[in-house]
Amino acid sequence: MAQLSPNLLHFAAATAAATLTTSRKLMRNYAYYRNQHSKTETIFRDDLLVLCHKIRMDAFGLHNLLLDEENRESPFLVALAGNINDSFEEMHRKILFFDAADIETMIPVIDAQRRFWNQYTNENFYQDHLATFLENTLPDDIKQLNDIIETLPKQTTL
């Protein structure tokens, strides 16, 4: 039986990761813009808590890939970092529905994370500083965001 070259396997994995990431973005955007005609949208606190959990799990997976020398160049690094970036973008959009006084301490944290993760397509992004960031900065920021989200009303509608 014919064997695939490692380069072809990496290309296939990168293609699968890009397809998965893009399809998730399209699904999210479709759901968001489909609701535009109703002019009302309800945002639930639990949805924001799920986003925090999702970011935490994606960061854990990304960190494990970074620490494994064999998978250090895995295309799934980009897919996981893209998921984290998208989650922060979605969180930013959703928290804006809540009262400004309730979210004013969250905005700088989310904006700093968005600026950081927006660089995920840069090849230098995956250097050693990323592992340090995943170990130190991100967990503290997610804990802070999670604590603030738990104090928000159960839902809000605009």
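The values are calculated or read from the model by the stated rules, or taken from the named source; none is laboratory data. The model shown is predicted, which means the values in this text are computed figures rather than measured ones. FYI the Cβ positions are ideal-geometry reconstructions off the backbone, even for glycines, and counts take in every protein chain you see.
Being loosely packed, with under 13 Cβ neighbours inside 10 Å and part of a loop (DSSP other than H, G, I, E, B) is the requirement here; does residue 132 meet it? When the stated conditions are applied, residue 132 does not pass them.
If a residue has to be more than 20 Å from residue 140 (Cα to Cα), part of a helix (DSSP H, G or I) and more than 16 Å from the chain's Cα centre (by Cα) to count, how many in region 68-109 make the cut? So the answer is 5.
Figure legend. Inter-residue proximity from region 56-74: first residues of a type in the set (Asp, Glu), second residues modelled with pLDDT of 80 or more, beta-carbon distance below 6 Å, spacing 6+ or different chains. Indicated pairs: 58/80; 58/83; 58/84. Going residue by residue through region 114-132, is there one that turns out to be modelled with pLDDT of 95 or more and among the small types (Gly, Ala, Ser)? So far as region 114-132 goes, no, none of its residues is modelled with pLDDT of 95 or more and among the small types (Gly, Ala, Ser). Against the definition (over 24 Å from residue 19 (Cα atoms), basic (Lys, Arg) and surrounded by fewer than 16 Cβ atoms within 10 Å (Cβ to Cβ)), how does residue 94 come out, yes or no? It is false that residue 94 is over 24 Å from residue 19 (Cα atoms), basic (Lys, Arg) and surrounded by fewer than 16 Cβ atoms within 10 Å (Cβ to Cβ).
How many residues, within region 135-157, are part of a loop (DSSP other than H, G, I, E, B) and surrounded by 11 or more Cβ atoms within 10 Å (Cβ to Cβ)?
Step one: of region 135-157, the residues part of a loop (DSSP other than H, G, I, E, B) are 136, 152-154.
Those left that are additionally surrounded by 11 or more Cβ atoms within 10 Å (Cβ to Cβ): 152-153.
Number satisfying all stated conditions: 2.
Entry remark, region 60-81: residues being modelled with pLDDT under 90 and small (Gly, Ala, Ser) number 2 in total. Step by step: first the residues of region 40-56, then only those that are among the aliphatic types (A, V, I, L, M) and surrounded by 17 or more Cβ atoms within 10 Å (Cβ to Cβ), then the one that is modelled with the lowest pLDDT. Which residue is that? Looking at residues that are among the aliphatic types (A, V, I, L, M) and surrounded by 17 or more Cβ atoms within 10 Å (Cβ to Cβ), I get 43. The residues of region 98-124 that are closer than 17 Å to residue 148 by Cα and either among the acidic types (Asp, Glu) or in contact with an Asp or Glu (Cβ under 7 Å, 6 or more places away or on another chain) (or both), listed by number, are 99, 102, 104, 109, 111, 113. Six or more apart or on different chains, Cβ atoms under 7 Å: show the pairs whose first residue is in region 146-158 and in contact (Cβ under 8 Å) with a residue 60 or more places away in the chain and whose second is outside any helix (DSSP H, G or I) and aliphatic (A, V, I, L, M). The qualifying pairs are 155/43; 156/43. Among the conditions (1) over 12 Å from the mean Cα position of the chain (by Cα); (2) within 20 Å of residue 22 (Cβ to Cβ); (3) of a type outside the set (Ser, Thr, Tyr); (4) not in a loop (DSSP other than H, G, I, E, B), the only one that residue 46 does not satisfy is (2).
For region 117-125, the criterion of being surrounded by 15 or more Cβ atoms within 10 Å (Cβ to Cβ), in a helix (DSSP H, G or I), under 11 Å from the mean Cα position of the chain (by Cα) and not small (Gly, Ala, Ser) is met by at least one residue.
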